[in-house]
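Notes follow the structure.
Every number in this text was worked out from the coordinates using simple rules, so none of it is lab data. What you see is a predicted model; the values in this text were computed from it and never measured. Note: ideal-geometry Cβ built from the backbone for every residue, glycine included; neighbour counts use all protein chains shown.
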Amino acid sequence: MKTYHLNINNKAVRVEAEADTPMLWVIRDYVHLKGTKFGCGMGLCGACTIHLDGQPVRSCQTPVSSVKATGKITTIEGISANIEHVVQKAWIEEQVPQCGYCQSGQIMSAVALLNTNADPTDEDIDNYMAGNICRCGTYQRIRSAIHLAAARMKSESGSREKNLKQSSH
Amino acid sequence: MSKINNIHVNRRDFLRYTGLSGAALVLGIAPANADESVGISNLSLLEEGHSLSPYVIIEKSGKITLFSTRPEMGQGVYQSIPALIAEELEISQDQYTVKQTGGEKQFGGAQFAGGSFSVRSDYFALRKVGAAAREMLISAASRQWNVPESECYAENARIFHRPSGKSAGYGELAESASTLEVPANPRLKDAKDFKLLGKSVKRQDIPLKVSGRAVFGIDVEIPGMVYASVERCPVFGATLKDYDKSASLKVPGVENVVEVEKVFGVYKTKGVAVIAGNYWSALKGRRALKINWDYQGKEYFNSQDYAASLRKLAEKEGVVDAAVGDFDKGFAESTKKIEAFYETPFVSHSTMEAMNCTAHWKEEGKLEVWASTQVPSDTMRDLTGRYNLKEENVLIHTCFNGGGFGRRLAIDFIIEAVNLSKSIKKPVKLIWTREDDMQSGPFRPPTFSSLKGGISGDGKLLAFQHKVISPSIMAFLNPDFDKTKLDGNMTEGISHQKYEIPNMKNLFVYSDIHVPLLWWRSVTSSTLAFSHECFIDELAHTAGKDPMAFRLQMLTKASDARRVLQKLKEVSGWDVPMAEGRGRGVAQWEFFAGLGGQVIEVTRQSDKSVKIDKVFAVIDLGTVVNPDTVKAQVEGAVVMGITAAIKNGITFANGKTEQSNFHDNPVLRINEMPPVEVHILAEGGENIKGVGEPGLPPVAPALANAIFAATGIRVRKMPFDIDNLTS
């Protein structure tokens, strides 16, 4: 057992764990954040997707010992305090989830996609999201929800720019 | 409806269960008489010894609780079932909380989700409960205000007096309403006045599911809990010989290694469980186990031999499923005759949440269980019987199911977890790995089909025969099952399509197998629709007819199936010719769960490959509760249907499952999903059909028929690789 100092959702966390313990189980069993899900244990399904320094990673393939103390980990619980993230809202608007089990991972991937590509095409979405399996088959709605979130982000940033311009006058 | 089968629950038991103190209006369903017709009852007037399923509780504080006996596994019942009560009670979705039942006897023996039954079973019964509560609250208000009931109405969880404008909240009226007789025939609302039913209202479980807050079985944590992973024999039918646990016990975090029994169908098998303070340690400890199994001769079993045995069995006559006219005579008199043989594979359910259960065997005779399960009632029945426990000493928490698809109709993983907790005397969370989940089964069985058809001189289907050769789910689940008789589960739908065929004789040949089997979304219809509807297509081409016209020609009488095909013809633009290299296929299927049909369009990419362009789906429902949920279910069924059609199934070699995870038993991914356009036929009325399953059976045949149209390749074996097609 070793002691690891982690930053999860902007909180300092101290964990005693074996070095090879995947972050998935550290997050779920040691830090008690249950939104990150176990799906396959092989990095094949994306249910366990978290962000490490803003990049999506499969937490089931990320040993705790590989995470630097300065590394910033974000889980589904960390993307907004009260379901106000634009992607979460789009997911509700489009009624994406069915069983919902894969959706934390889907949302974490979608947030990462929109951080790098503010206006993805269907093809961009398909390429980026192909690592996340949904057995209920919500893919069509995931596509629409990502487009909706992108449109909302665009109009929000547009109105921000407009406000800035107006205030500078 | 009549499935609600209450046993005794008295008022004291009920109050203890709900934790209610003080007066409240509690309304539920109680069997009115011996024929199991149901009436609505009021708990406070219930005679001692009479029973009640309390679906509505209105407390003096104004708090409203609605109970749902239907586990949520993605199909949307968390919204649609309570909405049946809420509609009639005139409350909005933010004015009540939903409580999921856990097999308690007061809610009867039909607490389950499966067979696309939930909404159609509860539709009128729960509306009646809501309507009765509304009328009692109106009655209480009219007495309190000394005004006629006709001047009062319910809205937004309040009763209003129309002339004076005064009003009272449900909580204020609950106590006096609870003293009133329940109206025998409460008036149900007219559909035109619905605020929730028939509307695409938002599901209340979705905010929980986009924020990581929904509690699935795997998310449960209880004080003092340990984790377990179990090594089971990979060869079906093998037994545990001996094992060495010394290396496992040296793994840091591992606390204990014990044998544990799993019970399912005809099997009672022992595995070796590693118990640890955290799950990762349990997994590592499991890898360090050294186990010797006794394979019992089952290590020679493989898929090729099994498939060959099914083909051989096709030579048998079989038992009759149904017969119309004289098949042999009709076939002999036919001008054109064709025969074909179709094959389908075993498939896994592969729910995203692998099987898991948290169990706490407490001091003498008390048990608490947390699980993602489709069957709270069966779980209660089984556990109380198996361990000789009183029902009031067993508490089952029905969690959100991370996918069901039929897999969670079995409770093998629950029994395994309870056995473990009983053995180690601690609360334990048992989590199956993805490999455990995919390799252990149970699987949807394959069906092989031998088909014959004859066309008359004027191009009509004169004689038709569908012989099914398959193992039997019921024979696996029940050792006393009579294998010499017809198993109607395995011939599902083949004799009940609406096609008017003058001479038909359908048959069944049973095949033995030792691999665990279970129902899977749309069950046998998921394979039989493929062989049946593809062969109908073959017959259409043999007759020189358009496949849509050929089907409609056999549906001269008005029927739901005819309407589905006509709708498909219209929405898909069936009569608009397609460009060279493109093709469309059609299929429809009617079975226990309901009725759906699809047209699928494909484009030829090369001589041997196609791309799926578009799916037009029609589902026939009678009455719809949440159209958006219905669309979601059909979209999802199409995805699952395409996976089953074109991705690897499950195969066996050396007695073991060959596939282990999503790399070798893949499911459809987002980049492979075609656009799906869903059309709902809901003409109203009391003939309500199911939603969860009917979107699946037409997928494979519609796709295979489209492939034939585009490429001339006739696919007769599932799965088929659309990138490398062979006939």
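For the reader, a short list of remarks on this structure follows.
- Segment A:1-86: C-alpha gyration tensor shape, a/c 1.5 cut-off, then a/b vs b/c: oblate
- Three-way shape label, chain B, alpha-carbon gyration tensor, a/c 1.5: oblate
- Relative contact order for segment A:2-78: 39 percent, from Cα pairs under 8 Å spaced at least 6 residues apart, divided by residue count.
- Computed over chain B, relative contact order equals 13 percent, with contacts defined as Cα pairs under 8 Å that lie 6+ residues apart.
- Pairs from B:Lys366/B:Lys429; B:Lys270/B:Lys656; B:Lys312/B:Lys545 whose Cα-Cα separation, in the structure shown, is over 23 Å: B:Lys312/B:Lys545
- Only helices enter this figure: runs of n ≥ 4 DSSP H residues, each worth -39500 (n - 2.57), summed and divided by the residues of chain B, yield -8500 deg cm²/dmol at 222 nm to the nearest 500.
- Across segment B:418-434, rounded Karplus estimates of 3J(HN,Hα) from the backbone phi angles (6.51 cos²θ - 1.76 cosθ + 1.60, θ = phi - 60°) give 5, 4, 5, 4, 4, 6, 9, 6, 9, x, 9, 9, 9, 10, 6, 6, 4 Hz, Gly and Pro being marked x.
- Distant-in-sequence amide H partners of B:Asn626 (H built 1.01 Å from N, under 5 Å): B:Gly198
- Neighbouring Cβ atoms from other chains, within 10 Å of the Cβ of residues in B:189-197, number 0 on average.
- A compact globular protein would have a Cα radius of gyration near 2.2 N^0.38 Å; the ratio found for segment A:86-168 is 1.19.
- Couplings 3J(HN,Hα) for segment B:457-466, derived from phi with the Karplus relation 6.51 cos²θ - 1.76 cosθ + 1.60 (θ = phi - 60°), are x, 9, x, 10, 6, 9, 9, 8, 9, 10 Hz, where x marks Gly and Pro.
- DSSP beta bridge pairing in the protein assembly as shown, given as percent antiparallel to the nearest 5: 80 percent
- Taking a ≥ b ≥ c as the square roots of the eigenvalues of the alpha carbon gyration tensor, chain A is oblate, as a/c is not under 1.5 and a/b does not beat b/c.
- Note on the protein assembly as shown: with charges restricted to the Cβ of Lys and Arg (+1) and Asp and Glu (-1), its dipole about the Cα centre is near 1140 debye.
- Per-residue average of Cβ from other chains inside 10 Å of B:350-357: 5
- Over segment A:85-157, Cα pairs under 8 Å with separation of 6+ residues give a relative contact order of 49 percent.
- Only beta bridges with both residues in segment A:2-78 are counted; by DSSP, about 90 percent of them are antiparallel.
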